[in-house]
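Here the structure is laid out as structure tokens; the discussion comes afterwards.
What follows is calculated from the coordinates using simple rules that are stated; it is not laboratory data. Just so it is clear, the model here is predicted, and its values are computed rather than measured. Because the Cβ atoms are built from the backbone with ideal geometry, glycine has one as well, and the counts that use them run over all protein chains shown.
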Amino acid sequence: MAEQNTEQSRPTEERPESTSARPRRRFIIIGLVAVLVVGALLFWWHSTYYEDTDDASVDGHLVQISSRISGHVAKVLVQQNQYVDAGTPMVEIDPSDYQTAVNQAEANLEAAVANYEASRVNVPVININTGSNLNTANADVQSALSTVAQSEKQLQAAQARVTQAQANYTKAKLDLERYTPLVEKDIISKQQYDAAVAAAAAGQAAVVEAEASQIAAQDAVRIARDRVTQAQSGLKSAQTGPQQVAIQKAKADQAAGQVDQAKASLAQAKLNLSYCEIHAPLSGIITTKSVEEGQNIAQGQALMTLVSLDDVWITANFKETQLQHMQVGQLVTIHVDAFGRDYDGKVTQVGGATGSMLSLFPPENATGNYVKVVQRIPVRIDLTKPDENKDHMLRPGMSVEPKVRVK
């Protein structure tokens, strides 16, 4: 009987405990439902107002440092992974050859300047000389023409004297012929006959003299005409004075061009000399350094890479289904995996093509075996607060998770 009373009393004692567990169970279920509802609301709110991706990384400028000239490396002033400021000397090339080129270019410039000065001064000198020569040639032509006219008149006078002398000689000869039979018959005196003989001889001599004078006058005319021809040739030569002046001006212009060319060569030589010292174009960290002292380098040879830490941005590859409401200017929260910090940014660019189209070998979908794959498009995100990266913690290539507020 006692055992039965004990067994009957146990269920009575357990009933209050089961009654108290029901409210707790109810509260737990309500709490779970509330958590699920809140979680669903948060998921809906996040998926509606935000777009995020884990396919994103820090991007920046990678500057390939190369030499603009060839030469022998005298000094390397930086080390691998060293931070340098903009303008810091990094490599020195032996400047001996380029200094010699500068000296040679300076000497060439001095010679070109001297040649130009001489050519420039000769222009007015030749102008004056050609003007004087032209005046002189004109005067010589007029004088030669006057001499020809005078000589021709003298020739005419000589020809008249020849005619006169021949007439006189003919008369004297006829008189002598008439006196010869008369003197034989003693009709005239011997003295008259001798006078006729002398007159005939004198007439003959006068003819010879007149003919000689005529020949001399003819030679004088020929010489005078030759002088005219010579003077006219001198006049034609003098008339080329403007062309001679133009030629000298062209030589002066050519000399001026040679001066400009020498100046350009000197400037290029000085520029090449300045290239003997290679400076950092911007601030950053030196990587992939391949240059060493004593090395001979060629023009354009890559020496090292400079990674800029000041101008960095985020490249996020969003799915094409995430870009429906994404626009330039939308705010972004950027979470950096490396050290768990968040940065503020904004969308500045949406890529013009998908990543697959920008790859080295774009896909060819015209084969017939096509499988639709959601594509990704690169989106550029810039930091809105550059001071957040003043410690240069963001390095190109770091993985980040951007979250864009699209609504």
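Applying 1/(1 + (r/R0)^6) with r as the Cβ-Cβ distance of Asp260 and Arg395 and R0 = 60 angstrom yields a FRET efficiency of 0.75. Which of rounded, prolate or oblate describes the chain when judged by the alpha-carbon gyration tensor and an a/c cut-off of 1.5? Verdict is prolate for the chain.
At full extension, Val350 and Lys185 could sit 44.1 nm farther apart than now, given 0.36 nm per residue minus the alpha carbon distance. Between the range 236-298 and the range 65-90, how far is it from one alpha carbon centroid to the other, in angstrom? Taking the Cα centre of the range 65-90 as reference, the centre of the range 236-298 is 25 Å away. A dipole drawn for the chain from +1 and -1 charges on Cβ atoms has a positive end, and of Met304, Leu394, Ser66 the residue lying farthest that way is Ser66.
Each Lys or Arg adds one and each Asp or Glu takes one away; over the other residues whose Cβ falls under 14 Å from the Cβ of Gly203, this sums to -1.
Once the other residues with Cβ under 14 Å from the Cβ of Gln375 are scored (Lys, Arg +1; Asp, Glu -1), what is the net sum? Net of charged neighbours comes to +1.
About its Cα centre, the range 100-261 has a charge dipole of approximately 520 debye under the convention of +1 per Lys or Arg Cβ and -1 per Asp or Glu Cβ, with nothing else charged.
Using the structure shown, list the pairs from Lys263/Lys289; Lys319/Lys346; Lys236/Lys263; Lys385/Lys407 with a Cα-Cα distance above 29 Å, or answer none. Over 29 Å apart, Cα to Cα: Lys263/Lys289; Lys236/Lys263. In this label model, Ala250 and Thr333 are separated by 8.1 nm, measuring between points 7 Å along each Cα→Cβ vector. Estimated from helices alone, the mean residue ellipticity of the chain at 222 nm is -20500 deg cm²/dmol (sum of -39500 (n - 2.57) over DSSP H runs with n ≥ 4, per residue). Apply 1/(1 + (r/R0)^6) to the Cβ-Cβ distance of Ala267 and Gln301, taking R0 = 22 Å, and write down the FRET efficiency to the nearest 0.05. The formula returns an efficiency of 0.35 here. Between Ala40 and Asp310, the simple label model (points 7 Å from Cα in the Cβ direction) yields a spacing of 5.4 nm.
Net length available on complete extension from Glu320 to Leu32 is 100.2 nm, with 0.36 nm assigned per residue and the Cα-Cα distance removed. Placing pseudo-labels 7 Å out from each Cα toward the beta carbon at Leu145 and Ser66 gives an inter-label distance of 7.6 nm. Taking a ≥ b ≥ c as the square roots of the Cα gyration tensor eigenvalues, the range 239-332 comes out oblate, since a/c reaches at least 1.5 and a/b does not exceed b/c.
Note on Glu388 and Lys75: with the Förster distance fixed at 35 Å, the Cβ-Cβ geometry gives a FRET efficiency of about 0.40. For the chain, the dipole from Cβ point charges (+1 on Lys and Arg, -1 on Asp and Glu) about the Cα centre works out to 1400 debye, to the nearest 20. In the chain, taking the dipole from charged Cβ atoms about the Cα centre, the farthest positive-side position among Ala250, Gln295, Leu383 is held by Ala250.
Considering only Val221, Gly351, Ala34, the residue lying farthest towards the positive end of the dipole of the chain is Val221, judged by Cα position with unit charges set on Cβ. Multiplying the residue separation of Ala195 and Glu152 by 0.36 nm and subtracting their alpha-carbon distance yields 11.8 nm.
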